[in-house]
Every structure is written in C-alpha cells, then in structure tokens.
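Asks: What follows is a structure written as structure tokens; I'll ask about it next.
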Amino acid sequence: MACVICGGNATVTLNPPRRTFARGPDPDDPSYSIIALLPEVHLCTQHDQAAHKKELSIGWCDDEQCRRYGEVGQTSPCGEQYAALKR
C-alpha cells in the first residue's frame, strides 16, 4: 500500500473515518443523517507521526472522479481542495 500523502511505502493503516454528508431539517436531532464510511487511511511512518502531532491534517476529496485522501488545503488531482475530516 502507498501513503495517501506522499505515495511512499505505507507502514500504518488507520481505521476509516466516517463522513457526515447531510443532517435532517433540525440540526439538534441526530436521528436523521447520511454517513459514509471512507476507505482505510494508509500512511508512511513520517506522515503518521506528523498526523499524531497534529502537524498534518488529513483530508478527503469527495469529487466523484477523485475520492481520495490528501493534506487538508492542498489541491487534489481533480482540482478541488481536500476538505478536513470530522471526527
């Protein structure tokens, strides 16, 4: 597997995050939501350490042609910016 940030040899696999796409009309009512389970996150040792130190924020591009991880704020291959993942 390749690191989602640099493409190097991934040494760590993180559980996939959940991404909330929509909520019901009442934001205080969590009974209705659309949640997607994203793919596992593969990182090399360097980027895993940076993420744990909060020096690196991993994001997701949800463009239909892209759908991949990268560094928040950077441009994905489709031209959109990677959005922060909510935990």
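The values are calculated or read from the model by the stated rules, or taken from the named source; none is laboratory data. This is a predicted model, so every value here is computed, not measured. Cβ: placed from backbone, ideal geometry, glycine included. Neighbour counts: every protein chain shown.
Asks: If the requirement is being without any contact (Cβ under 8 Å) to a residue 60 or more places away in the chain and in contact with an Asp or Glu (Cβ under 8 Å, 6 or more places away or on another chain), which of these qualifies: GLY59, GLY73? Give the steps one after another, and end with the answer.
Replies: Working: GLY73 fails: in contact with an Asp or Glu (Cβ under 8 Å, 6 or more places away or on another chain).
The conditions single out GLY59.
Asks: Could you please find all residues in the range 29-59 being among the acidic types (Asp, Glu) and farther than 16 Å from GLU71 by Cβ?
Replies: Hits for the range 29-59 are ASP29, GLU40.
Asks: Additional query: Pull up the range 17-39, narrow it to residues that are closer than 18 Å to ASP63 by Cα and not hydrophobic (A, V, I, L, M, F, W, C), then point me to the one that is modelled with the lowest pLDDT.
Replies: Among those that are closer than 18 Å to ASP63 by Cα and not hydrophobic (A, V, I, L, M, F, W, C), it is THR20.
Asks: Just checking, how many residues over the range 45-87 are modelled with pLDDT of 90 or more, more than 16 Å from ALA2 (Cβ to Cβ), acidic (Asp, Glu) and surrounded by 13 or more Cβ atoms within 10 Å (Cβ to Cβ)?
Replies: The total comes to 1.
Asks: Mind checking which residues of the range 40-87 are of a type in the set (A, V, I, L, M), over 11 Å from the mean Cα position of the chain (by Cα) and part of a loop (DSSP other than H, G, I, E, B)?
Replies: Answer for the range 40-87, where residues must be of a type in the set (A, V, I, L, M), over 11 Å from the mean Cα position of the chain (by Cα) and part of a loop (DSSP other than H, G, I, E, B): just LEU56.
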